[in-house]
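Asks: Can you read through this structure? Questions will come right after.
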Amino acid sequence: MNVRLLYEAAGFLLGLLFGSFLNVCIVRLPRSRSIVRPASHCPQCNAPIRWHDNIPLLSWLLLRGRCRDCNQPIPWRYPAVELATALWFALLASRLYTVLHFYFFSSAPGTPSSYAPFAILNILAVLLLGFLLLGLMVMDWQTGLLPDAFTLTGIALGLVLICSQAIFLGPAEGQVLLPPNSIHLTSVGAATDPGNVFLTGPEALIGGRILAILGAALILGLIRWGYRALRHRQGMGLGDVKMLAMIAALLGFWPAIVSLFFGAMAATLYAVVLVARGRASSGSRLPFGSFLALGGLLAAQFGDRIIDAYSQLLH
Ligand SMILES: [Zn+2]
């Protein structure tokens, strides 16, 4: 019996449920509608959706992408969001298995299980980030809006999570031992950052994360301001600034910078392709938030390794 596979399957199923809820958020939040009421209904004919037609992924396939009542096509975006959320949850369930195995079932010395909550909260932050970023990616693409209900809530939850993590810090800085290839803290003064003489322990962890949020917002805020000053038009909204702050709140400062780098590269690539195919001019609007969200997803999965490799290059 492959236990890791069991974790991944459970993560996938849970992700399908959250993906289904995310679809509701994507449709209703940009229109400032309640995400609780009314119950799901067809956007074309308003017919309420039967429970057996509301099963993530499966119902869309069984109905062949059409509403049972009015036969209008249901956009492929619905199953795509469900599938993407499910895959994200499965990936992190796999990481959860690695962490639990490392702390509770390996006999390696120096792996006290009292540090397990610290690592588990890291995974929870990345799980939440993926959910929020997938939603923001689709919302910006479709409506050009990045609702505060996602970005500001994400920042608040990031702070709650980092404060919770501070409870489980080791007795001295740098003493939280994390399994190899796990999510590291890389913000200023974080637990794995040695050599901080001014602040230690929880102060460094929480203070560092607050600085990370402010720093990320400041950097993108300056880019936004500079763009407006040079081009005399708005290049990006405040929503993008809040989203980068949210990535910093949940991952730390350097992963947020990696997100910005990936996002800018992807957006540039997309713009070049559009212009080359004659489908856009230099004045067309680009949903930068969608690309930034993509950058955030990549940074959450590969950011540590990129930052590690880069800092080794400099030492
Ligand atoms: Zn319908």
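The values are calculated or read from the model by the stated rules, or taken from the named source; none is laboratory data. A quick note: this is a predicted structure, and the numbers were derived from the prediction, not measured. Neighbour counts are summed over all protein chains in view; Cβ atoms, including those assigned to glycine, are modelled from backbone coordinates with ideal geometry. The accessibility values were calculated without ligands, DNA or RNA, using every heavy atom of the protein model including side chains. Shrake-Rupley method; radii C 1.70, N 1.55, O 1.52, S 1.80 Å.
Asks: It is to be established whether one or more residues within the range 76-94 are among the β-branched types (Val, Ile, Thr) and open to solvent by 50 Å² or more (accessible area, probe 1.4 Å).
Replies: Within the range 76-94, the first condition is being among the β-branched types (Val, Ile, Thr), and the residues that meet it are 81, 85.
Still in the list and also open to solvent by 50 Å² or more (accessible area, probe 1.4 Å): none.
So far as the range 76-94 goes, no, none of its residues is among the β-branched types (Val, Ile, Thr) and open to solvent by 50 Å² or more (accessible area, probe 1.4 Å).
Asks: If I ask for residues that are in a loop (DSSP other than H, G, I, E, B) and within 9 Å of the ligand (Cβ to nearest atom), which ones from the range 32-62 would you list?
Replies: 42, 43, 44, 45, 46, 47, 49
Asks: Only one residue in 49, 26 is modelled with pLDDT of 85 or more, surrounded by 16 or more Cβ atoms within 10 Å (Cβ to Cβ) and farther than 16 Å from residue 129 by Cα, so which one is that? Spell out how you get there, then give the answer.
Replies: Values: 26 fails: farther than 16 Å from residue 129 by Cα.
Of 49, 26, the one residue that is modelled with pLDDT of 85 or more, surrounded by 16 or more Cβ atoms within 10 Å (Cβ to Cβ) and farther than 16 Å from residue 129 by Cα is 49.
Asks: Quick check on my filter: what residues within the range 1-31 are part of a loop (DSSP other than H, G, I, E, B) and not aliphatic (A, V, I, L, M)?
Replies: Passing the criteria: only 2.
Asks: For residue 279, are the conditions met, namely being touching a residue at least 12 places away in the same chain (Cβ under 8 Å), out of contact with any His (no Cβ under 6 Å at 6 or more places or on another chain) and basic (Lys, Arg)?
Replies: Numbers: touching a residue at least 12 places away in the same chain (Cβ under 8 Å): no; out of contact with any His (no Cβ under 6 Å at 6 or more places or on another chain): yes; basic (Lys, Arg): yes.
It is false that residue 279 is touching a residue at least 12 places away in the same chain (Cβ under 8 Å), out of contact with any His (no Cβ under 6 Å at 6 or more places or on another chain) and basic (Lys, Arg).
Asks: I need a count of the residues in the range 63-97 that are more than 16 Å from the ligand (Cβ to nearest atom), touching a helix residue (DSSP H, G or I) at 6+ places or on another chain (Cβ under 6 Å) and without any contact (Cβ under 8 Å) to a residue 60 or more places away in the chain.
Replies: Adding up the residues that qualify gives 1.
Asks: Find the helices (runs of 4 or more DSSP H) located wholly in the range 200-315 whose residues include 3 or more that are surrounded by fewer than 21 Cβ atoms within 10 Å (Cβ to Cβ), and list them.
Replies: Of the helices (runs of 4 or more DSSP H) lying wholly inside the range 200-315, those with at least 3 residues that are surrounded by fewer than 21 Cβ atoms within 10 Å (Cβ to Cβ) span 201-231, 253-276, 288-314.
Asks: Looking only at the range 158-186, count how many residues are modelled with pLDDT of 90 or more and open to solvent by 70 Å² or more (accessible area, probe 1.4 Å).
Replies: So the count comes out to 1.
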